[in-house]
Amino acid sequence: MKLSLLVFITAFAVALSIGLVNYYFQHSWYFMLISFGVSFITCFVVFYYLLEKYIYSKIVLIYKLIHNLKLGKDLKDALGEYVSSDPINDVEQEVKEWAGQKKREIELLKKQEQFRKEFLSNVSHEFKTPLFAIQGYIETLQDCIVDDPDMAVKFLKKAENNVERLSYLINDLDSISKLETGEIPINYEKFDFVHLAREVMELLEDKAKGKGITLSFKEKYTHPAFVRADREKLRQVMVNLIENSIKYGKKEGSTAIKIFELHDQYLIEVTDDGIGIDEKHLPRLFERFYRIDTHRSREEGGTGLGLAIVKHILEAHEQIISVRSTLQIGTTFAFTLEKIG
């Protein structure tokens, strides 16, 4: 409601009350109209002055402050100063929207703080495990290097494996950091994704055979599927996804790749018939170091960063990845790529 209308209604109500009281005592319409008119004009002027100076001007100031805070400095400069025609009504809406926005920001900050704590804890744990192992092997090595050279060589080999694990962790973390900041450029080129997929399947064929897992296309792709992307980074995506399906696939199982042609994209699916993933874990599956079964994950090896790297590579391509899974039935990872003729 505008200030002038609010003052008008208030002054009218007061003036009418005074006029009716006057009529009650004097029984004269003439004096009633005079008292009504004088009261209305006096009330309107006084109320307008008081409300505008002590209340309305402060509401306008609060409204402008909240509105400008919502816009931010850059947007405010671009749009210029904004004055509402009805700040009394608008300020309520602005406050509600602003409060809702701040609530969402606070909730996001809490989630980020929790994620930061978990991430630091995971990083610390992931680094401590190989470091303590290396420390233990070196201490043992010092005791047996002269008396038992064969045992010394064995412990040296174990220390070397843990050093390699540390190196993989550092390299993966460095890759994620550079992908996030855009330090690693995306070298777009046109290539046949079918050919790349076959290369990766041949590369991992021996590892799959070790568990009796069959790698295949769901259909025979005789025609090429040309995409525009970074070939080497897409190779890394496919290696990570197929290796993941081998690690958590069941013995004598299978992993299949299928390509769906969409309007301007290809949808690629990597499906296994392994142990599957509980639905509650799916939203966090692409987080760094997030492990569903910590014990089994460490036995299978890896840094716990593979899926996080996959997600960052595809996001750098401005594409998306999703996952669907059913326990004891299998898991499907699906992502899109830009199609090119």
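The values are calculated or read from the model by the stated rules, or taken from the named source; none is laboratory data. Owing to the predicted nature of the structure, the values given are computational and were not obtained by experimental measurement. A quick note on method: Cβ atoms are made from the backbone with ideal geometry, for glycine too, and the neighbour counts reach across all protein chains shown. Note: accessible area is taken over every heavy atom of the protein model, side chains too, but ligands, DNA and RNA are not part of it. Shrake-Rupley method; radii C 1.70, N 1.55, O 1.52, S 1.80 Å.
Tell me, what is the FRET efficiency for L16 and L50 to the nearest 0.05, using R0 = 25 angstrom and their Cβ-Cβ distance as r?
That pair, L16 with L50, gives E of 0.80.
State the Cα centre-to-centre distance between segment 301-341 and segment 165-228 in whole Å.
If we compute the Cα centre of each part, the gap is 11 Å.
Along Cα→Cβ, 7 Å out, is where each label goes; now give me the distance between the ones at D148 and F132 in nm to one decimal.
Reported label-point gap for D148 and F132 is 2.2 nm.
How much length would be gained if the chain were fully extended between E105 and E139, taking 0.36 nm per residue of separation minus their Cα-Cα distance, in nm to one decimal?
The span from E105 to E139 would gain 7.2 nm if fully extended.
From the protein chains alone at 1.4 Å, what is the descending order of accessible area for R324, R291, R235, largest first?
Largest accessible area first, the residues go R324, R235, R291.
Could you tell me the calculated FRET efficiency between W98 and E279, based on Cβ-Cβ distance and R0 = 22 angstrom, to the nearest 0.05?
Calculated value: 0.05.
Kirkwood Rh over alpha-carbon pairs of segment 161-309, then Stokes-Einstein at 4 °C and 1.567 mPa s: what D in µm² s⁻¹, rounded to an integer?
My calculation gives 77 µm²/s for D.
If ligands, DNA and RNA are left out, what is the accessible area of V323 with a 1.4 Å probe, given in Å² to the nearest 10?
30
As I understand it, the dipole of segment 176-298 uses +1 on the Cβ of Lys and Arg and -1 on the Cβ of Asp and Glu, about the Cα centre. Which of V194, I246, L234 lies farthest toward its positive end?
About the Cα centre, the residue reaching furthest to the positive side is I246.
Any number yet on Rg/Rh for segment 138-197, C-alpha, Kirkwood?
Taking Rg over the Kirkwood Rh, I get 1.35.
Carbon and sulfur atoms: what percent of the 1.4 Å accessible area of segment 214-280 do they account for?
48
Assuming R0 = 30 Å, can you tell me the calculated FRET efficiency for the pair D174 and K209, based on Cβ-Cβ distance, to the nearest 0.05?
Computed FRET efficiency for D174 and K209: 0.40.
Taking only protein heavy atoms into account and a 1.4 Å probe, give the accessible area per residue of segment 186-333 in Å².
Values: 7610 Å² over 148 residues.
That works out to 51 Å² for each residue.
Calculate what fraction, in whole %, of the accessible area of segment 147-193 sits on carbon and sulfur atoms when a 1.4 Å probe is rolled over the protein chains.
51
Could you work out how far apart the two model spin labels at H223 and H27 are, taking each label as a point 7 Å from the Cα in the direction of the beta carbon, and quote it in nm?
That separation, rounded to one decimal, is 10.2 nm.
Any chance you could look up the accessible area of I9 with a 1.4 Å probe, heavy atoms only, rounded to 10 Å²?
Surface open to solvent at I9 totals about 80 Å².
Quick one: accessible surface of H281, probe radius 1.4 Å, all protein chains present, in square angstrom to the nearest 10.
30
Let me spell out the model: positive unit charges on the Cβ of Lys and Arg, negative unit charges on the Cβ of Asp and Glu, origin at the Cα centre of segment 187-341. What dipole size does that give, in debye rounded to 20?
With Lys and Arg at +1 and Asp and Glu at -1, about 300 debye.
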